[in-house]
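Report on the structure given below.
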Amino acid sequence: MEKTISPIPMEFSTQGHHKTNEGIKNIIFGSVAGMAGKVFEYPFDTVKTRLQTQSIFKGPSDCFKQTFKNEGFWGFYRGMSSPMIGAMLENAMLFLVYNQIKMMIVEYTTPVNERHRLYINNVIDQESFSMSQLCLAGGISGSLTSFVLTPLELIKCKLQVQETLMYEAKEKNIQIAAAEMKNPKFTGPASVIKYTLKEHGIRGLYRGHIGTFFRETIGGAAWFGTYEFVSRLFMERRNRSMNIHELPSSNKKGLSLTELMASGACAGMAYNITMFPVDSVKSQIQTDEEIMLARGRKVVKRSFFKVCKDIYKEHNIPGFYRGCGITVARAAPSSAIIFMTYVIIYRIFSRSTLFK
């Protein structure tokens, strides 16, 4: 009796199960990768936010020095609980949505009887995507993630600048209410949420969302796009060095951790260089209230474009890049750690039966 070969590959005959497993992997692995990256980068992020929002510091080294002098080592990790949750949610969503969009592209652009060629051990072959498709997937993942990130970044920014307002007052002899000097308004993320909801409602938590949306949408395209582009360069180099008896590879399984980390580092730098001015504006919008109140000024809500205008008027173009150097310097290793962690965990668990 002749065997009948199904035109639908096994991966797609159990497509729902495959998608569920891949989704769970992306959520768990992305969360762990985000957590690893955040532990490394958070002190640099604190310095970056303070440089973006306050002119008391002469530069990154001065900000590091003053923070350590006035707050000690843990001052660099002030308000970290919210960003840690944010990093886990952010990377879980980024990798989940990014890979789901890629799956959708495969389904809508490839005939069913050819889809089996695109799967090697449940990893989509990279040759099936153009760079524009990968950037589109990255942009969509970033735009959706921005709705989770905005409230979390607002909490982070408010906690990061609060302490510096205290010793800025001492430095410049600015009179700040004694009660506020002794008892800071915010004692942690919960108090920021409580105050914001009471004073401004749900909309208050989304102050600065325009900046976050643009940063994450364009930045997501740059982040994933750069990672994939540099990875492809490494794959092409590896294929050129193979002998004629070896089959060329178009997936990342053959790349070393060093090559993957280099790809991730380039992605981190591309993301921050591209979107840093937008992030500077966003940070000012989210900390305006605290800074204006501390300096005895009436709180005036500024729009995204008003902040752009004010920064340019006071500091010209360099004003948009205060703290950019240190941010790019920490973004390279941080992003490398994120991608490396994600890939290592993915490779380990792909060999196990836990997610199969």
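Throughout, read-outs are computed from the coordinates displayed, never taken from laboratory work. Worth saying up front: this structure is predicted, and the values here are computed from it rather than measured. Reconstructed Cβ throughout: ideal geometry from the backbone, glycine too, with neighbour counts over all protein chains shown.
Sorted fewest first by neighbouring Cβ atoms within 10 angstrom, 106, 192 come out as 106, 192. Taking the fewest neighbouring Cβ atoms within 10 Å as the starting point, the ordered list for 62, 288 is 62, 288.
With a simple spin-label model that places each label point 7 Å from the Cα along the Cα-to-Cβ direction, the separation between residue 110 and residue 297 comes to 5.5 nm. Filter the cross-link list 69/156; 25/282; 38/194; 69/313; 65/194 down to pairs whose alpha-carbon distance in this structure exceeds 30 Å. The pairs that break the limit, which is 30 Å between Cα atoms, are 25/282; 69/313; 65/194. In this calculation the C-beta distance from residue 69 to residue 344 is compared with R0 = 45 Å, giving a FRET efficiency of 0.75.
Residues in the range 29-35 carry Karplus couplings, in order, of 5, x, 4, 5, 5, x, 5 Hz; the curve used is 6.51 cos²θ - 1.76 cosθ + 1.60 with θ = phi - 60°, and Gly or Pro positions show x.
Counting Lys and Arg as +1 and Asp and Glu as -1 over every other residue whose Cβ lies under 10 Å from the Cβ of residue 204, the net charge comes to +1.
Computed from backbone phi, the HN-Hα couplings of the range 157-162 come to 5, 5, 6, 5, 8, 4 Hz, rounded to whole numbers (Karplus: 6.51 cos²θ - 1.76 cosθ + 1.60, θ = phi - 60°; Gly and Pro given as x). Each Lys or Arg adds one and each Asp or Glu takes one away; over the other residues whose Cβ falls under 10 Å from the Cβ of residue 214, this sums to 0. Among 161, 299, 307, 39, a tally of other beta-carbon atoms within 10 Å of each Cβ gives an order, fewest to most, of 299, 39, 307, 161.
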